[in-house]
1. How far is the Cα center of segment A:56-92 from the Cα center of segment A:450-477, in Å?
2. What does the average come to when, for each residue of peptide A:178-189, you count the partner chain Cβ atoms lying within 10 Å of its Cβ?
3. Modelled label-to-label distance, A:Asn298 and A:Asn218, 7 Å Cα→beta-carbon offset: nm?
4. As an exercise, use a Förster radius of 25 Å and the Cβ-Cβ distance of A:Ile536 and A:Asp137 to find the FRET efficiency, rounded to the nearest 0.05.
5. Compute the length gained on full extension between A:Arg347 and A:Val496: take 0.36 nm times their separation in residues and subtract their Cα-Cα distance, giving the result in nm to one decimal.
6. I need to check one value: relative contact order of segment B:29-110, counting alpha carbon pairs closer than 8 Å and at least 6 residues apart, in percent.
7. Below 16 Å, Cα to Cα, which aspartates and glutamates can A:Lys403 reach? Residues fewer than 8 away in the same chain don't count.
8. How big is the charge dipole of chain A about its Cα centre, in debye rounded to the nearest 20, if each Lys and Arg gets +1 on its Cβ and each Asp and Glu gets -1 on its Cβ?
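Throughout, read-outs are computed from the coordinates displayed, never taken from laboratory work. Bear in mind that the values here come from a model prediction, so they are computed numbers and not experimental data. Using ideal geometry, Cβ is built from the backbone for each residue, glycine included, and neighbour counts are taken over all protein chains shown.
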Amino acid sequence: MRRALAAALVCTACAAVPQAARARASATLEGGTISFFADTLSVVARDRASLRLIDGTHVSGDAAYVDLKNDRAVLAGHARIEHGGTTVSADAIAVDLDANRVDLLDVGTGVSRTTRTLGSPVHAEIDAKRFAFPDVDDRYAFIRSRHAAITPRANVRFSPAAFPTSVGGVPVPSYLYTFATAAGFGQTTLPGATFDQPYGLIGTPTSLTSAHARWENNDGALALQEQLASGDTAYATGAIDAPFRGTGSSGFNAYQRLGTRYTFLVDGNAAFGSREGDATLGAAFGTAGGRLTYHLQNGGYSSFDASLRTPDLELVGGNTLRLTADVGYDAQRGGDLYPYVVLPGGRAYGTVWRHGLDAFLATPIVHGPLGTSIGVTLDGSRTWYAFPRHADAVTASANASKKLTRNFSLFAGYQNTWSSQVYPGDQSLFFPIPSAPLLTPDGMPYYGWYAYTGAAVARYMNLDLQYAPPTSSTSLRLSARHTDDFYQFDGLGRPVWELRLDAQFRPFPNVGIALGRSYDFGWGGRRWLPGWSFAITP
Amino acid sequence: MMRRLSVVLTSVAVLILALPSLAQPQGTLIRFTGQLLDVRNGYAYFSSGDAFKLSPSYKVADYDTGASTTLQPAAKIFARAVLDPATKEVVELDITTRRLPSDSAYSTDVQQAIATKPAIVLAPEIKGIPVTGKEVAVEFIVTVPPSTPVNADVYISTDAGGWNPQEIKLDRVEGDRYRAVRRLASGTRFVFRVTRGSWNSVEVGQDGLEVAPHAFFVRESDAQSCPATVYAWSDNRSGAPQAAQPGAVPTPFNPNPFGGNPLYPPSRATPPGGFPTPHPAPPPNRPPP
């Protein structure tokens, strides 16, 4: 408990840091109704709109349109602009939110241009983009409010905020919507959840502190996340999830692009008493690449990998080949490195080096008769260890498709993965016949385990029938999936058969619904197991 | 009984919600691509069974360059027919000997309702094209690399959607192509990345490093296409032999051979009240004597 509290305090302290550097809202918009459209990033105010800029400029009109992507505003109908005791009226006024330019439109005399100090206007040609006021339908607004505080290129805070088209959207006294474009804001270290509703607390063009209301592991949870981003070249993210619960977790990651050739990524996470972290240096040499990765986890285990990858080499017929070489080690502090710990002198194995080679071959998508197409991949790898041991893996996959009609398509896929652990001369030592049958988590003995001597296979095949009209966002997909794995037993592993029906449709222009019904057969000792999936999409 | 009733009611509610989107307009054909069967008597016949009337002054052009070509439209030649939505006649036939995938593009019914000339003619002194915010059918087409898993779902994540990695789910249209159609207001501007549902599996560049997001802007048009190509996925380590970590290799000495492996989902198959047999102690992590 004390640990969780300390973690929460640290996270709160970190979250408070960017507040000091928070960008001040440079414009506030008020009106009888304010509608926000998330797709076009625009705000429309009606019933006497009033826009106040940070330098004291006040613009008013019957209605206002603010283009957040381009930092411009248009106030139309009995428009007035005031600055330092000077007032100018026009039929429409266009202003920049973070620049000095002001355009005045008078239906009788045309356009004149001035600055926020409202000096002598000069005649100018009409720029349609400056005065564009889209005829939007307020019914489709994402947020409805009466007051909006705008920070250019960062966020807009609505107070209060109602969500007329969002299913389950509860009105709140204040809501921060972030539209900073840095892709680093997409990074998260929060684990997956059935439901996650972020709520922005503090935002700047380069940072965002948010609280998350979550539903995970059949329980509600709160999470706090801090994101820092610098364009698309650097980001850092930290989060703590469910700090006051025994199943809480925390994590961080940071990324920096080092010029055109190199990237550096470091991340770490802690959950359920386990802690681990990675540091990776990625490099590109044309379309070839390399990677250095160091991995560390509690208990004293660490590993290192250095790999080099060729570009996709063009072969005859459009086939491509990619080769990768890897060298590295596995290490256990104090010895007893797994799985060598089973040897009588297991403690001697603290670090074992290895090297490996991988080949990935892919065919192009080949179009066959009757509208069919097929693509095949083959991936094989072998890793040699300093200890007499090697590990092999071969994966073959193929997928085929056929367009039945304009709206219906058929897809089939097959994947077979075979892997093997080989200890020359010591196979029976590492894979002995168990003296007693392995008992699975449901308490049943698994006699097939006797057959496992290091080689495993996973086979997967699917057949999907899809209805997807090309001009509609509605789609239906019926899938039958079959797995045939060794080892697999009674609910341990992938279900042997699975039948799914997925539907996607949009009952409203800005709300989509994804609904799924699945049946797993021959799994968990049960004849079949039904399941639902449901998601609301923007 | 109540359970069945609730299932029926839920299904009816879902069906009612789905009806408006199922009834969306199909639009007018504006482009059709396929293999020619014949061109005769003023019609172009395709091997798919489709036939289109040729405009009296239709143009034959090279598919790749758009320039005039010496190649003649004939059987087995692949062609893209460009139709005039007003007359529904082929005004251009772009031909090639290279195999082309069957495809068709449609305008929307919105287009049919729009006058062929703008209702308001801008004064000559007005420059620029205003963004009216009208609805535009936007088709996202994403080509994925061969290393994409056979059962992968592909999504588009945008800055406008808060970088939700599952924001727009794409439908598969071919082995390596996915597509989604959205109706967006003109003037919509965003950047996006392609994901496989999480930020651990996001697109990377040909060099394996992170790429800048794709920029996209909805123009003042009736329909728009947005193609994107994914060269590789960030979690694609097929080219790197994997190191074995503790517990990753299942041996009889591993106390938990089935647990902790992402291949095996959590035991949601556990019946209510748990299994009848108590969980036994795991086998010891020691070699046999």
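1. 56 Å
2. Taking the mean over all residues of the peptide, I get 5.
3. Modelled inter-label distance: 2.6 nm.
4. E between A:Ile536 and A:Asp137, to the nearest 0.05, is 0.75.
5. 49.6 nm
6. 39 percent
7. Counting by Cα, and skipping residues close in sequence, A:Lys403 has these aspartates and glutamates nearby: A:Asp464, B:Asp50, B:Asp103, B:Asp171, B:Glu174, B:Asp176.
8. 300 debye
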